[in-house]
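Q: The structure under discussion is supplied below as structure tokens; questions concerning it will follow.
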Amino acid sequence: MRSFILRRLLQLFVTLFVFLTIMFFLVRMTGNPAEAFAPTDATPEDIKRIAAGMGLDKPLYIQYFLYLKDIATGSFGQSHKSLRPVSDLLLTHSINTIKLAAVTVVLSIIIAIPLGVVAAVKRFTLIESSIGVFAVFGMSVPGFWMGIILIELIAVRLGLVPAGGMSGPSSYILPAITMSTLLIAGLVRLLRSSMIDTLDSDFVRFARMKGVRKRPLIWKHTLRNALLPVLGFAGVQIAMFLTGSVVVETVFAWPGLGRLMYSALIERDLPVVQGCVTLFVFFAIFINLLVDILSSYLDPRIRLG
């Protein structure tokens, strides 16, 4: 098990290094950020002075090594717009994003697992059809559209919860519902299929012949074996939540990492953009590592592979 985790950690660092290198050169291809901060009547000499102050006058390979040094030390440089350390901005906004993601994941698990199990057990019934319609709807509806509709109906017309911002526990409701809809729908469909396959397996038939009661057979034995493909899907979706939170956080004015990155892209704040992308990539790779470890506990054959 220890060698399995060490191999995954090595893959994590290699993948992170490759992504960061690609991201550095892609960001540099978007243009000169000094031009975005220069006044409209700035001369080429003014732009050069601004670029020198931002450290963009150095050769590209020196900028690259300084960029890797900042990431290794966790400083990420200084924001060109707010003049604050990028690490402070990332810490504050990433905590808000993680809070929202945690609420979303807990809500999704509480709803999706019972619905998926019931849909598998109640095959060819009206209950299964109703759950299937909900799952198709959740997989099809765009997140930004659903967020706008929820704001209009629940926040504006009914006035039950805040329309945006992070003002208290009630402000989590609308963005969490918006983000969890896709995850719930995907988990329900995948868990239903996996449960059906597991219920038709030989060990379940043998357990029924031995007289194992239906409830422990479903919720203890069958569900554990059916969770392996579901766990992989959930890991990918959670990583997508963290890396794709730009839209939802912008719609709900949530002070998270996604909205920070959106603002930095508009303002061409290069250090903040690089810091946000670095955290997004790290979150995605780290979550995949956790999924691999949890999967190896559910199925020891993965460690042998």
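Where a number appears in this text, it was derived from the coordinates with a stated rule and is not lab data. Please read these numbers as outputs of a predicted model, since none were measured by experiment. Cβ placement follows ideal geometry from the backbone for every residue including glycine, while neighbour counts extend to all protein chains displayed.
Q: Could you calculate, for the stretch 174-305, the ratio of the Cα radius of gyration to the Kirkwood radius, expressed as Rg to Rh?
A: The Rg/Rh ratio comes out at 1.14.
Q: Please list, in order along the stretch 191-197, the HN-Hα scalar couplings obtained from phi with the Karplus expression 6.51 cos²θ - 1.76 cosθ + 1.60 (θ = phi - 60°), rounded to whole Hz, x for Gly and Pro.
A: Coupling constants for the stretch 191-197: 5, 4, 5, 5, 5, 4, 4 Hz.
Q: Report the number of Lys pairs in the chain whose alpha-carbons are under 28 Å apart, with separation of 8 or more residues or on distinct chains.
A: Final tally of qualifying lysine pairs is 11.
Q: Assuming R0 = 51 Å, can you tell me the calculated FRET efficiency for the pair residue 220 and residue 22, based on Cβ-Cβ distance, to the nearest 0.05?
A: In this case the efficiency is close to 0.65.
Q: Quick one: Karplus J couplings for the stretch 55-69, per residue in order, coefficients 6.51, -1.76, 1.60, θ = phi - 60°, nearest Hz, x for Gly and Pro?
A: For the stretch 55-69, the Karplus-derived couplings read x, 8, 8, 7, x, 4, 5, 5, 4, 5, 5, 5, 5, 5, 5 Hz, x marking Gly and Pro.
Q: For residue 78, which sequence-distant residues (separation of 5 or more, or a different chain) have an amide H within less than 5 Å of its own amide H, given hydrogens modelled in the peptide plane?
A: Distant-sequence amide H within range of residue 78: 86.
Q: Another question, if that's okay. Working from Cα positions, state the angle (0 to 90°, nearest 10) between the long axis of helix 126-140 and the longest principal axis of the chain.
A: Approximately 10 degrees, to the nearest 10.
Q: Run the Debye formula on the Cα coordinates of the chain, all scatterers equal and no solvent, and tell me log10 I(q)/I(0) at q = 0.10, 0.11 1/Å.
A: -0.71, -0.82
Q: Right, next: Can you find, among 290, 223, 68, the residue farthest towards the positive end of the dipole of the chain? Put +1 on the C-beta of Lys and Arg, -1 on that of Asp and Glu.
A: Of the listed residues, the answer is 223.
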